[in-house]
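This report concerns only the one structure given below.
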Amino acid sequence: MSSHPRFIDKTFEHRQVDFQSKGVRVSACHYAPTPTGPRGAEKRPAIVMGHGLSLTRDCGLHLYAEQFAKAGFHVFVFDYRGFGQSGGAIRDLISVKMQVEDYHAALAFAREAPGVDARRVALWGTSYSGGIATQCAYEDARVQALVIQVPNLDNVATGLYMTARLTLKAPLRGLWLLAHGLADALAGLFQTKPVYVRCMGRSGEMAAYVSDESMNQVDQIRGVDWQNRLAPRDFVRWPFRPIRHVSKIACPIQIFAADRDDLTPVGPALKAAKLAGPGSELHRYPVGHFGIYVGDTLQDAINKQIDFLQRTLISPT
């Protein structure tokens, strides 16, 4: 564990920190509420955050973390091994197993951090990490709240949805993506160099996901660490379906769904809302997948998340 120079705002402090996940350095940012008044030294609840498919923590997560810290929460935002500023010999490799391990490592680090009440820690995930955080919450019954937005909760449903769209609209791109996925799976089997695909692109480009609207929105939040590529071997090896565990998660879950989502189908998110336990919530927006990261929708979602987390972690009923 190590820490680096901090930035201090009037209402929160921002410090880069490192911790270990399976012996590899994970880089994170710790946003801490600035102690104020006679009760400033009391321990506060915490939120652990990871980004979605291939994105790094500098792709807009500070927009959430800063407001969470101002609302009184410790916030830990990390890059998975192999992404961003974290260590890892193989870069930009999507691995459910590794990313779930990284969430557990981040949870352990947050619980031991100075000023954090280890009994009141929440997980936050978005897009692909919505499913990763859900899996982690299922495996760790100590998690007190779960916030997931535009979550990928069922790789089978997502795969069928994307296959249908590609078959109808872009069959050549679909074959290109399948070929690269199989090639990367073989690269993993024989431990050779990964076969990368571009993660996102615009109309007419070869990428796993093509959307002019989404690219315009991602351009508003993209950070310098994002490589816009991924090694897709995990998608052809085994299905990731954390939706199977939602009904067994003890803590309240807050779900944000995008009704025009053309990347992660909205159906599993709506199903998860029905399976979630008492105190859980569903919020729907008439936007595409990345519409929740920008503009008025972003701020409305953050406001609702702060309200949910305050009720769940600070003043539980």
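Just so it is clear, none of the values below were taken in a lab; they were calculated from the coordinates. Values in this document were obtained by computation on a predicted structure and should not be read as measured data. Glycine also receives a Cβ, built like all others from the backbone with ideal geometry; neighbour counts cover every protein chain displayed.
Inter-part distance, the range 68-111 to the range 206-254, computed on C-alpha centroids, equals 15 Å.
Taking amide H positions as modeled 1.01 Å from N, with prolines and chain starts lacking one, the residues under 5 Å from Ser21 and 5 or more places away or on another chain are Val26.
If the chain linking Thr167 and Thr11 were pulled fully straight, counting 0.36 nm for each residue of separation and taking away their Cα-Cα distance, it would gain 51.1 nm.
Amide H contacts of Gly125 (H built 1.01 Å from N, in plane; Pro and chain starts excluded): Val147, Ile148, Gln149 sit under 5 Å, all sequence-distant by 5 or more or on other chains.
Under the definition of Cα pairs under 8 Å and six or more residues apart, what whole-number percent is the relative contact order of the range 68-134? After rounding, I find 21 percent.
Ratio of Rg to Rh for the range 170-317, alpha carbon only, Kirkwood?
Details: Rg = 18.4 Å, Rh = 17.9 Å.
Computed over Cα atoms, the ratio is 1.03.
Only one residue of Leu263, Tyr128, Ala185 has its Cα farthest out toward the positive end of the dipole of the chain, where Lys and Arg carry +1 and Asp and Glu -1 on Cβ, and that residue is Ala185.
Just the number, please: percent antiparallel of the DSSP beta bridges in the chain, rounded to the nearest 5. Can you show the working numbers first?
On the way: 21 of 49 bridges.
Of those bridges, close to 45 percent are antiparallel.
Computed from backbone phi, the HN-Hα couplings of the range 281-289 come to 9, 10, 10, 10, 10, x, 10, x, 4 Hz, rounded to whole numbers (Karplus: 6.51 cos²θ - 1.76 cosθ + 1.60, θ = phi - 60°; Gly and Pro given as x).
When a/c is below 1.5 the answer is rounded, else prolate if a/b is larger than b/c, else oblate, so apply that to the range 147-211 with a ≥ b ≥ c taken from the square roots of the Cα gyration tensor eigenvalues. Taking the square roots of the gyration eigenvalues as a ≥ b ≥ c, the range 147-211 is oblate. By the rule of a C-alpha distance below 18 Å, with chain neighbours fewer than 8 residues away ignored, the aspartates and glutamates paired with Lys193 are Asp92, Asp184, Asp234.
Helix-derived [θ] at 222 nm for the chain: sum -39500 (n - 2.57) over DSSP H runs of at least 4, divide by residue count, nearest 500? Can you show the working numbers first?
Details: 8 runs with 104 residues, N = 317.
Dividing the helical sum by the residues of the chain leaves -10500 deg cm²/dmol.
Once a ≥ b ≥ c are taken as the square roots of the eigenvalues of the Cα gyration tensor of the range 246-304, is the result rounded (a/c under 1.5), prolate (a/b larger than b/c) or oblate (a/b not larger than b/c)? It is oblate, given that a/c is not under 1.5 and a/b is not larger than b/c.
To the nearest whole percent, what portion of all C-alpha pairs in the range 95-210 is separated by more than 23 angstrom?
Values: 3103 of 6670 pairs.
Within the range 95-210, distances greater than 23 Å cover 47 percent of Cα pairs.
Computed about the Cα centre, the dipole magnitude for the chain is approximately 580 debye when only Lys and Arg (+1) and Asp and Glu (-1) carry charge, each at its Cβ. Look at the alpha carbon pairs under 8 Å that are at least 6 residues apart: their mean separation over the length of the chain gives a relative contact order of 17 percent.
Using a Förster distance of 30 angstrom, determine the FRET efficiency expected from the C-beta separation of Arg25 and Gln191, and round it to 0.05. Walk me through the intermediate numbers first.
Details: r = 22 Å, r/R0 = 0.73.
It comes to 0.85.
Cβ neighbours within 10 Å, averaged per peptide: list 237-243, 127-133 in order, most packed at the top. The partial results should precede the final answer.
Details: 237-243: 17.9, 127-133: 27.4.
Put in order of decreasing packing, that is 127-133, 237-243.
Averaging the sequence gap over all C-alpha pairs within less than 8 Å and six or more residues apart, then dividing by the number of residues, gives the range 65-191 a relative contact order of 14 percent. Can you give the angle from 0 to 90° between the axis of helix 295-309 and the longest principal axis of the chain, with both taken from C-alpha atoms, to the nearest 10? Its long axis makes an angle of about 50 degrees. Using +1 at the C-beta of Lys and Arg and -1 at the C-beta of Asp and Glu, which of Val77, Ile90, Val210 has the Cα lying farthest in the positive direction of the dipole of the chain? Farthest along the dipole direction, towards plus: Ile90.
Placing unit charges on C-beta atoms (Lys and Arg positive, Asp and Glu negative, everything else neutral), compute the dipole magnitude of the range 51-116 about its Cα centre in debye, rounded to 20. Please report the intermediate quantities before stating the final value.
Working: 6 positive and 7 negative charges, 11 e Å.
Here the range 51-116 has a charge dipole of around 60 debye.
Considering only Ala32, Ala276, Ala108, the mean-square fluctuation computed in a Gaussian network model of the chain, springs between alpha carbons under 10 angstrom, is largest for Ala108.
Shape analysis of the range 10-108 places it in the prolate category; the axes a ≥ b ≥ c from the Cα gyration tensor give an a/c of at least 1.5, with a/b above b/c.
Within a straight-line Cα-Cα reach of under 29 Å, Lys274 can be paired with the following lysines, leaving aside sequence neighbours fewer than 8 residues apart in one chain: Lys97, Lys248, Lys304.
Close amide H contacts of Ala207 (hydrogens built in the peptide plane, cut-off under 5 Å, sequence separation of 5 or more or a different chain): none are found.
Please give the length that would be gained between Val236 and Leu175 if that part of the chain were fully extended, namely 0.36 nm times their separation in residues minus their C-alpha to C-alpha distance (nm, one decimal). Could the numbers behind the result be given before it?
On the way: separation 61, 0.36 × 61 = 21.96 nm, distance 1.35 nm.
Result for the pair: 20.6 nm of gain on full extension.
The packing ranking of peptides 223-229, 268-274, 149-155, highest mean first, is 149-155, 268-274, 223-229, where packing means the average number of other beta carbon atoms within 10 angstrom of each residue.
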